[in-house]
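Every number here is computed from the coordinates shown, using simple stated rules; none is lab data. Source: prediction; values computed, not measured. So basically every Cβ, Gly included, is an ideal-geometry build from the backbone, and we count neighbours across all protein chains shown.
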Amino acid sequence: MLTWTFLGVGAAFAKRNFQSNVLVEAWRKGPDYQERPDDTLLIDFGSIAPLALNELRHKKGFGYLSNDRRIYYPAIRKIFITHQHADHIGGLEELALMNMFTFGDPDTGKPYKPQLISSINVLMNLWDNSLKGGLNTVPGKYALLQDYFFILSLVPEQQGRESFNMIKRYRFKLFATDHVQITRKYDWPSHGLFVEDTQTGKAVFFSGDTRFDYAAYAEMMHRAQTCFHDVQLIEQKDPVHSLLSDLRTMPAEIKKKTCLYHYGDNWDEGPFDFVEDEFAGFVRQQERMVLFE
Ligand SMILES: [Zn+2]
Ligand SMILES: [Zn+2]
């Protein structure tokens, strides 16, 4: 079984919801039969994600995320990073430092190291331009990204190197998304995920942050049983997210299975009421969904 819980569903600057990061759990039996999943993955961990995870750990079924009165970060085994914006990576410094100093092995001093997964371009930028400032110095020495994480760098569109698995059965394949362009499409690295149950062939599409580009994603969205797509509610010329008005131009059968996330604080003010009929609705945060039985 694969379960999927959005820590938050908000846009980058939203305040009523947390940021659009996901806790994915892989189970051999399922949450009704076992206390903790067999494998865990965070898709992104933004600047207020520690607050979101702290809230989630108090909910029924998520007790394994707690250690005394703290978040038990070693419960997180894998972290996939879609791109470098702070609403997707801003919580990593806390996670890395707590895994090193709070949850490190008291005898050997070795940190708990989760696996950090993304494309090589995202990983290089992530260290050089974001994490290095806070993480490269620890008492008495310099540290590198690999002192905090086991690193898995993927290569998009290269067979065998563009994916990783959870408990062997579930395959996560990354693809490029058209989020922010410097001068042309794909020149600033950002990614989405196509998730497959290799036993049943069922699939899920997760857009990551992206401009509207149905032509690029149509084949994956057609194949998937469920799609998660980022959305921007406010109209804007040349946006970096997918405008709701553009998403409405997708075929009806695609919209019906598409859940919208990464939305602004005004989603429930009325003008967007049609979303629940036309799409699979706005995703609600902190609710565990079963993606694959
Ligand atoms: Zn974002
Ligand atoms: Zn972004």
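Some observations on this one:
- Residues (more than 16 Å from ligand 1 (Cβ to nearest atom), outside any loop (DSSP other than H, G, I, E, B) and of a type in the set (D, E, K, R)) located in the stretch 85-105: Glu93, Glu94
- For the stretch 9-36, the set of residues classified as more than 13 Å from Asp265 (Cβ to Cβ), assigned to a loop (DSSP other than H, G, I, E, B) and either away from ligand 2 (no atom under 16 Å from the Cβ) or of a type in the set (Val, Ile, Thr) (or both) consists of Trp27, Arg28, Lys29, Gly30, Pro31, Asp32, Tyr33, Gln34, Glu35, Arg36, listed by residue number.
- Sole residue being closer than 21 Å to Ala203 by Cα, within 16 Å of ligand 1 (Cβ to nearest atom), among the aliphatic types (A, V, I, L, M) and buried (at least 18 other Cβ atoms within 10 Å of the Cβ), chosen from Val240, Val283: Val283
- Of all residues in the stretch 85-98 being surrounded by fewer than 23 Cβ atoms within 10 Å (Cβ to Cβ) and within 16 Å of ligand 2 (Cβ to nearest atom), the one that is nearest to Ala143 (Cα to Cα): Gly90
- Some residue of the stretch 173-193 being surrounded by 12 or more Cβ atoms within 10 Å (Cβ to Cβ), over 29 Å from Ser242 (Cβ atoms), out of contact with any helix residue (DSSP H, G or I) (no Cβ under 9 Å at 6 or more places or on another chain) and not polar (S, T, N, Q): no
- Which numbered condition Lys15 fails, given (1) within 16 Å of ligand 1 (Cβ to nearest atom); (2) within 27 Å of Ser153 (Cα to Cα): (2)
- Checked against the criterion of being assigned to a loop (DSSP other than H, G, I, E, B) and crowded, with 17+ Cβ neighbours inside 10 Å, the candidates Thr82, Thr108 yield just one match: Thr82.
- Leading residue by the ranking (nearest to the chain's Cα centre (by Cα)) among those in the stretch 271-280 that are surrounded by 16 or more Cβ atoms within 10 Å (Cβ to Cβ) and assigned to a loop (DSSP other than H, G, I, E, B): Ala280
- Taking the conditions (1) without any contact (Cβ under 8 Å) to a residue 12 or more places away in the chain; (2) within 16 Å of ligand 1 (Cβ to nearest atom) in turn, Gln158 satisfies each one other than (2).
- Taking the conditions (1) of a type in the set (A, V, I, L, M); (2) within 16 Å of ligand 1 (Cβ to nearest atom); (3) part of a strand (DSSP E or B) in turn, Val122 satisfies each one other than (3).
- Scanning the stretch 204-216 for residues that are crowded, with 21+ Cβ neighbours inside 10 Å and away from ligand 1 (no atom under 16 Å from the Cβ) yields a total of 2.
- His229 vs. criteria free of Cβ contacts under 8 Å to residues at least 60 places away in the same chain, closer than 22 Å to Asn17 by Cα and crowded, with 20+ Cβ neighbours inside 10 Å: yes
- Residues considered: Gln199, Gln285. Of these, the only one that is under 23 Å from Met166 (Cβ atoms) and in contact with a Phe, Trp or Tyr (Cβ under 6 Å, 6 or more places away or on another chain) is Gln285.
- Total residues in the stretch 223-257, condition under 28 Å from Thr3 (Cβ atoms) and either within 14 Å of ligand 2 (Cβ to nearest atom) or touching a helix residue (DSSP H, G or I) at 6+ places or on another chain (Cβ under 7 Å) (or both): 11
- On inspection, Glu157 passes the criterion of being out of contact with any helix residue (DSSP H, G or I) (no Cβ under 9 Å at 6 or more places or on another chain) and on the phi > 0 side of the Ramachandran plot.
- Taken over the stretch 184-205, the criterion of being touching a residue at least 40 places away in the same chain (Cβ under 8 Å) and away from ligand 2 (no atom under 14 Å from the Cβ) is satisfied by Leu193, Val195, Asp197, Thr200, Lys202, Val204.
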